[in-house]
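Engineer: Attaching a single structure in structure tokens format; questions to follow.
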Ligand SMILES: O=C(O)CCC(=O)C(=O)O
């Protein structure tokens, strides 16, 4: 465990070289035990307050809604490591809270993130922070080292229990399961993975939840392709074409919901945009999801409590 979060903690040259060659790094100590417990308690406190786990929308760009998430995306130890890989100007572009309830069948099919994120840059990295033990039994992330050098074909399966929005999956003939490894983490540790790395995870067979907060960072010079989208500057200065989000930690609950809803609405335009080769059924499905989601988001913004 890290002794103090305040000392700069860049990666060393061998770690940087490993990331460039293999597309991942793991494990990295970032939070001390007290902070890991406190942040999990804050997240679960928010869930208790609303009477159910965070929904899909709250898991994305959670830093616009919750202080615990704002703290994590700005955490100096996380940002120091990320800076070693993508430079000093850093945007947080998206988050996904991946919670697998105790004994749940939820899984993540093997996929590459780059295929559907709409950023034209190589400098996109995910910091996956464990807030509970991530082990083989709890459904830790599994990866194919070195698979971040080319994009592979993947299909949208919409499979039940798949935690990905579209059930994106790389067909088994493109995978090399003998090379796959597990990225075990203890609470307070993180892994880093390149957005082209092939990764996924299995079900949680333990009696505790498996909680991982995936923070997507991109170099502030990155070129946003597709529809305009927003991101939060978390270190350095902005030089790209993302719309800048504002930090919401001093805002009221209602104002936070508005900022969050607006940011997600912009992102929806890209995330649910069908690929050129999509079939008619897929196109219709995605257009309907986008239209419904956009409509609901206007309603949510209007009625924010
Ligand atoms: O948490 C998981 O099991 C999968 C995470 C993932 O797909 C990601 O961080 O991109």
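Engineer: Can you give the extra length, in nm with one decimal, that the chain gains between residue 208 and residue 237 once fully stretched, where that is 0.36 nm per residue apart less the Cα-Cα distance?
Structural biologist: 6.4 nm
Engineer: Only bridges with both residues in the chain count here: give the DSSP antiparallel percent, nearest 5.
Structural biologist: Of those bridges, close to 95 percent are antiparallel.
Engineer: While we're looking at this one, here's another question. Note the full-extension length gain between residue 225 and residue 282 as 0.36 nm times their separation in residues minus their Cα-Cα distance, in nm to one decimal.
Structural biologist: That works out to 18.4 nm of additional length.
Engineer: Ok, one more. Efficiency by 1/(1 + (r/R0)^6): what FRET value for residue 289 and residue 49, r their Cβ-Cβ distance, R0 = 25 Å, to the nearest 0.05?
Structural biologist: Efficiency, from the Cβ-Cβ distance: 0.30.
Engineer: Shape verdict for the stretch 214-305, please, from the Cα gyration tensor: rounded (a/c under 1.5), prolate (a/b greater than b/c) or oblate.
Structural biologist: Oblate is the answer for the stretch 214-305, as a/c is 1.5 or above yet b/c matches or exceeds a/b.
Engineer: Quick one: if you stick a label point 7 Å off each Cα along the C-beta vector at residue 21 and residue 37, how many nm between them?
Structural biologist: Spacing of the two 7 Å Cα→Cβ label points: 3.9 nm.
Engineer: Could you order peptides 14-21, 188-195, 144-151 by the average number of other Cβ atoms within 10 Å of their residues, highest first?
Structural biologist: 188-195, 144-151, 14-21
Engineer: I want to make sure I understand the PRE zone here: with the label point 7 angstrom from the Cα of residue 101 toward its beta carbon, which residues in the stretch 30-49 have backbone N atoms less than 19 Å away?
Structural biologist: Under cut-off, by backbone N: 41, 43-49.
Engineer: If you take the beta carbon distance between residue 71 and residue 254 as r and set R0 to 25 Å, what does 1/(1 + (r/R0)^6) give as a FRET efficiency, to the nearest 0.05?
Structural biologist: So the FRET efficiency works out to roughly 0.75.
Engineer: Let me know the shape class of the stretch 14-117, please: from the alpha-carbon gyration tensor, a ≥ b ≥ c as square roots of the eigenvalues, rounded when a/c is under 1.5, otherwise prolate if a/b is greater than b/c, or oblate.
Structural biologist: Judged from the Cα gyration tensor, the stretch 14-117 comes out prolate (a/c at least 1.5, a/b above b/c).
Engineer: Now for a different question. Mind grabbing the base-10 log of I(q)/I(0) for the chain at q = 0.08, 0.09 Å⁻¹? Debye formula, identical points on the C-alpha positions, no solvent, two decimal places.
Structural biologist: Ignoring solvent entirely, the Cα scatterers give -0.33, -0.42.
Engineer: Per-residue counts of other Cβ atoms within 10 Å, averaged by peptide: what ranking do you get for 271-279, 24-32, highest first?
Structural biologist: Those peptides, ordered most packed to least, come out 24-32, 271-279.
Engineer: Would you mind pulling out the separation of the Cα centroids of the stretch 161-211 and the stretch 33-97, in Å?
Structural biologist: If you average the Cα positions of each part, the centres end up 19 Å apart.
Engineer: I want to check the label-to-label distance for residue 247 and residue 151. Put each point 7 Å from Cα in the C-beta direction and report it in nm to one decimal.
Structural biologist: If labels sit at residue 247 and residue 151, their model points lie 3.5 nm apart.
Engineer: Highest mean first, how do 256-265, 60-69 rank when packing is the count of other Cβ atoms within 10 Å averaged over residues?
Structural biologist: Listed from highest to lowest mean packing, they are 60-69, 256-265.
Values in this text are rule-based calculations from the coordinates and carry no lab data. What you see is a predicted model, and the numbers here were worked out from it, not measured in a lab. Every residue, glycine among them, receives a Cβ derived from its backbone with ideal geometry; neighbour counts consider all protein chains shown.
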